[in-house]
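Student: Let me give you the structure first, and then I'll get to my questions.
The values are calculated or read from the model by the stated rules, or taken from the named source; none is laboratory data. These numbers come from a predicted model, not from an experiment. Using ideal geometry, Cβ is built from the backbone for each residue, glycine included, and neighbour counts are taken over all protein chains shown.
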Amino acid sequence: MARGAQSRYVCQSCGASVLRWEGQCRTCGEWNSLVETVVREEPRPRVLAGGATGGGAAPVALSHPTEAGDEPRRAVGIGELDRVLGGGLVAGSVVLLGGEPGIGKSTLLLQAAAGVAGGPGAPMVLYATGEESVSQVRLRAARLELTSGAVGDGIRVVAETGVGRIVDLARAERPGLLVVDSVQTVASEELDGPPGSVGQVREATQRLMELAKGEGVPVILVGHVTKDGTLAGPKTLEHLVDVVLSVEGDRTGGLRLLRATKNRFGSTEEVGVFEMGERGLTEVADPARAFLADHDEPAPGSVVAPVLEGSRPILVEVQALVAPTGAPSPRRTASGVDPNRLALLVAVLGRRAGIGLGSHDVYANLAGGLSVGEPGLDLPLALALASSLRDRPIVTGTVAIGEVGLLGELRAVGGLDRRLREAARLGFARALVPRPRGRELPAIAGLEVVVVGTLRDAVRAAVASQPGDGRERP
Ligand code: TYD
Ligand code: MG
């Protein structure tokens, strides 16, 4: 099947090519840098973003109006997905949807396919599955009640792993959307490497991009991510495609967050929040409150933080547990928060706020399986640790946000006004914040804003030093 003469192993470091795979490039000495690549006699035109082909185009002055910016879009009909896409699928765009196995990628795409097939103009959708059989996809569709009517007729499923065949099918059927689930299972007949190898994944993506740009068909590729959070296969895929989306969340819990990490046709500031239920993913009505855990009593080790996910404020509960240990190197376990940040906060708390955790195991996580990278999470996390160590809840109805510096000083975060408004709307009465940079404190009805300069002050203001103090506001 494979025609060896058409494939070469190309060094990703120096560009040298050889006929057979070798562990080390003979030209530049780099290890594991050879990737199987299709070599054509006539180089095919390079496909650029936005549909331009490299051949013979004349330069255009920036002042000259172009149609860019009002690309034809098709709304998928799922509000949260359309919002993250920037208003719908752009004709000829290639979207990569990443996420851990079992998180709900296939479910989301089947629902998106239904939105397109049942939407205005009702074009058909081609769903190429390499992971599951047609009957497995059908079972999922039956569960989602998508097997009847225009939607049932409009979604055509094909179990196919040959990228050439998928492209031919799409050229013949001209679907309104092509879904390839997943890019790691498709392979080109021209390469020897197994599906999922760097060369195969890249070649398959190139072929699908040519199809998308040439025919104006939007293509969504599923890509699995590995445990460490990178898209399995090559990172290079992210440079090729127009939009990179990821589904995150705790597989055992119901909430899912859809994020755009790259979007050539929209902002990466939008996030979508879904809940996985018995009938697939539904949009969450009030995302700001979705990640708050409910408990009636204030609990030690719990602090609510108004974080910004893109432009959307979301209140999230930071939870910490510290437990004494005799072990020479105590555990530091973080989930949903950066473990390096956790280690740093433990050190700063010890040296700058008199809260020593050197002989304690420390666990920290975010409720709802959310994962947040913003530095504003420092202060709530540090307060949660202090609250757990003292076994006292923080003052009821309080939120906290702010970055912590190595000296124990607190630094402002952006978008304070938006965050605090959302906290007030959800019934919080008090906010601990660093002094905003050069600007006035936002005045928000019903919210007492307490400015704290250092971590030590913040602990004093938030964590009651007497048992029971946390039950009432001071
Ligand atoms: P799936 O979309 O197959 O995940 P992925 O394609 O990312 O691997 O979804 C997998 C999980 O979702 C599976 O454990 C079952 C669950 N699920 C529901 O809870 N409700 C539903 O309606 C569907 C279709 C799936
Ligand atoms: Mg799947």
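Student: Can you report the number of residues in the range 223-262 which are surrounded by fewer than 18 Cβ atoms within 10 Å (Cβ to Cβ), outside any loop (DSSP other than H, G, I, E, B) and at pLDDT below 85?
Tutor: Matching residues across the range 223-262 total 1.
Student: Which of the residues spanning the range 304-336 are more than 15 Å from Leu370 (Cα to Cα) and among the charged types (D, E, K, R)?
Tutor: Residues satisfying the conditions are Arg331, Arg332.
Student: Here are Val318, Val273: which of them is more than 19 Å from the chain's Cα centre (by Cα) and more than 16 Å from ligand 2 (Cβ to nearest atom)?
Tutor: Exactly one of Val318, Val273 is more than 19 Å from the chain's Cα centre (by Cα) and more than 16 Å from ligand 2 (Cβ to nearest atom), namely Val318.
Student: Sticking with this structure for a sec: I need the full set of residues from the range 165-181 which are over 15 Å from Ala112 (Cβ atoms) and either within 14 Å of ligand 2 (Cβ to nearest atom) or touching a helix residue (DSSP H, G or I) at 6+ places or on another chain (Cβ under 7 Å) (or both), in order please.
Tutor: Hits for the range 165-181 are Val167, Ala170, Arg171, Arg174.
Student: May I pose another question? I'm checking my understanding of the structure. Among residues of the range 157-195 that are assigned to a loop (DSSP other than H, G, I, E, B) and among the acidic types (Asp, Glu), which one is surrounded by the most Cβ atoms within 10 Å (Cβ to Cβ)? If you could, list the steps in order and put the result at the bottom.
Tutor: So the first thing to find is which residues in the range 157-195 are assigned to a loop (DSSP other than H, G, I, E, B), and the list is 160-161, 174-176, 182-186, 188-195.
Okay, now just the ones that are also among the acidic types (Asp, Glu), so 160, 189-190, 192.
Details: Glu160: 19, Glu189: 13, Glu190: 22, Asp192: 17.
Ranking the candidates gives Glu190 first.
Student: Further, regarding this structure: If I ask for residues that are of a type outside the set (S, T, N, Q) and crowded, with 23+ Cβ neighbours inside 10 Å, which ones from the range 390-417 would you list?
Tutor: Our first condition is that a residue be of a type outside the set (S, T, N, Q); within the range 390-417, this holds for 390-395, 397, 399-417.
Those that are of a type outside the set (S, T, N, Q) and crowded, with 23+ Cβ neighbours inside 10 Å: Pro393, Ile394, Val399, Ala400, Ile401, Gly402, Val404, Leu410, Val413, Leu416.
Student: So which of Arg73, Arg40 ends up being of a type in the set (D, E, K, R), modelled with pLDDT under 90 and surrounded by fewer than 18 Cβ atoms within 10 Å (Cβ to Cβ)?
Tutor: Arg40
Student: Scan the helices (runs of 4 or more DSSP H) fully inside the range 62-156 and keep the ones with 3 or more residues being more than 16 Å from ligand 2 (Cβ to nearest atom).
Tutor: The qualifying helices (runs of 4 or more DSSP H) are 79-85, 105-117, 149-154.
Student: Does Gly79 count as without any contact (Cβ under 8 Å) to a residue 60 or more places away in the chain, away from ligand 1 (no atom under 15 Å from the Cβ) and under 21 Å from Arg279 (Cβ atoms)?
Tutor: no
Student: Inside the range 275-297, can you point out the residues that are aliphatic (A, V, I, L, M) and either surrounded by 15 or more Cβ atoms within 10 Å (Cβ to Cβ) or touching a residue at least 12 places away in the same chain (Cβ under 8 Å) (or both)?
Tutor: Residues satisfying the conditions are Met276, Leu281, Val284, Ala288, Ala290, Leu292, Ala293.
Student: Select from the range 99-130 the residues that are within 16 Å of ligand 1 (Cβ to nearest atom) and surrounded by fewer than 17 Cβ atoms within 10 Å (Cβ to Cβ) and write down the one among them that is nearest to Arg256 (Cα to Cα).
Tutor: Gly102
Student: Hey, any hits in the range 208-220 for a residue that's modelled with pLDDT of 90 or more, within 16 Å of ligand 1 (Cβ to nearest atom) and either surrounded by fewer than 24 Cβ atoms within 10 Å (Cβ to Cβ) or not polar (S, T, N, Q) (or both)?
Tutor: The answer is yes; a qualifying residue exists.
Student: For the condition outside any loop (DSSP other than H, G, I, E, B) and over 14 Å from Ala458 (Cα atoms), what is the one hit in Ala327, Ala384, Ala423?
Tutor: So the residue among Ala327, Ala384, Ala423 that is outside any loop (DSSP other than H, G, I, E, B) and over 14 Å from Ala458 (Cα atoms) is Ala423.
Student: With the requirement that a residue be modelled with pLDDT under 90, under 27 Å from the mean Cα position of the chain (by Cα) and away from ligand 1 (no atom under 16 Å from the Cβ), what does the range 148-202 give you?
Tutor: Answer for the range 148-202, where residues must be modelled with pLDDT under 90, under 27 Å from the mean Cα position of the chain (by Cα) and away from ligand 1 (no atom under 16 Å from the Cβ): Pro195, Ser197, Val198, Gly199, Gln200, Val201, Arg202.
Student: Does Gly414 qualify as being out of contact with any Phe, Trp or Tyr (no Cβ under 9 Å at 6 or more places or on another chain), within 14 Å of Val304 (Cβ to Cβ) and part of a loop (DSSP other than H, G, I, E, B)?
Tutor: Considered against the rule, which asks whether it is out of contact with any Phe, Trp or Tyr (no Cβ under 9 Å at 6 or more places or on another chain), within 14 Å of Val304 (Cβ to Cβ) and part of a loop (DSSP other than H, G, I, E, B), Gly414 comes out as no.
Student: Further question: Being in a loop (DSSP other than H, G, I, E, B), more than 16 Å from ligand 1 (Cβ to nearest atom) and buried (at least 18 other Cβ atoms within 10 Å of the Cβ) is the requirement here; does Pro300 meet it?
Tutor: Yes, satisfied.
Student: Residues of the range 88-98 being within 13 Å of ligand 1 (Cβ to nearest atom) and under 18 Å from Ser267 (Cβ atoms), which ones? Show your work before the answer.
Tutor: As a first pass, look at the range 88-98 and keep what is within 13 Å of ligand 1 (Cβ to nearest atom): 97-98.
Listed by number, the list holds a single entry, Leu97.
Student: All but one of (1) at pLDDT below 95; (2) touching an Asp or Glu at 6+ places or on another chain (Cβ under 9 Å); (3) within 23 Å of Ala75 (Cα to Cα) hold for Ala288; which doesn't?
Tutor: (3)
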